[in-house]
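The values are calculated or read from the model by the stated rules, or taken from the named source; none is laboratory data. Keep in mind that what you see is a predicted model, and the values were worked out from it rather than measured. Here the Cβ positions follow ideal geometry from the backbone for every residue, glycine too, while neighbour counts run over all protein chains shown. Remember, those area values only see protein heavy atoms, side chains included, never the ligands or the DNA or RNA. Shrake-Rupley method; radii C 1.70, N 1.55, O 1.52, S 1.80 Å.
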Amino acid sequence: MVAATHHALAAETASGRAYVSRRLADFAARGFVTQRKEGIAITNRDALQRIADEDR
């Protein structure tokens, strides 16, 4: 579980909060994460790692 707000994630990644919200919604739709009130649960770490590796 990642306990962070969209605002905090945006600041950490030097992006806007709206961008973080869109990406998280996309990741949730693809089954990579589950958004919960208390934070974000990663449900497919391998898929997220592949995305991170592609962005390098």
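Out of the range 1-51, which trypsin sites (Lys or Arg not before Pro) are coil in DSSP terms and have no more than 15 other C-beta atoms within 10 Å?
Arg30, Lys37
From zero up to wherever the largest Cα-Cα distance of the chain sits, split into 5 Å bins and tell me the percent of pairs in each.
Cα pair-distance distribution for the chain, in percent: 4, 20, 26, 33, 16, 1, 0.
With +1 on each Lys and Arg Cβ and -1 on each Asp and Glu Cβ, and nothing else charged, work out how big the dipole of the chain is about its Cα centre, in Debye to the nearest 20.
With only Lys, Arg, Asp and Glu charged at Cβ, the dipole is about 180 debye.
Give the carbon-plus-sulfur fraction of the accessible surface of the range 1-42 in %, rounded to a whole number; probe 1.4 Å, heavy atoms of protein chains only.
Answer for the range 1-42 is 55 percent, counting heavy atoms of protein chains only.
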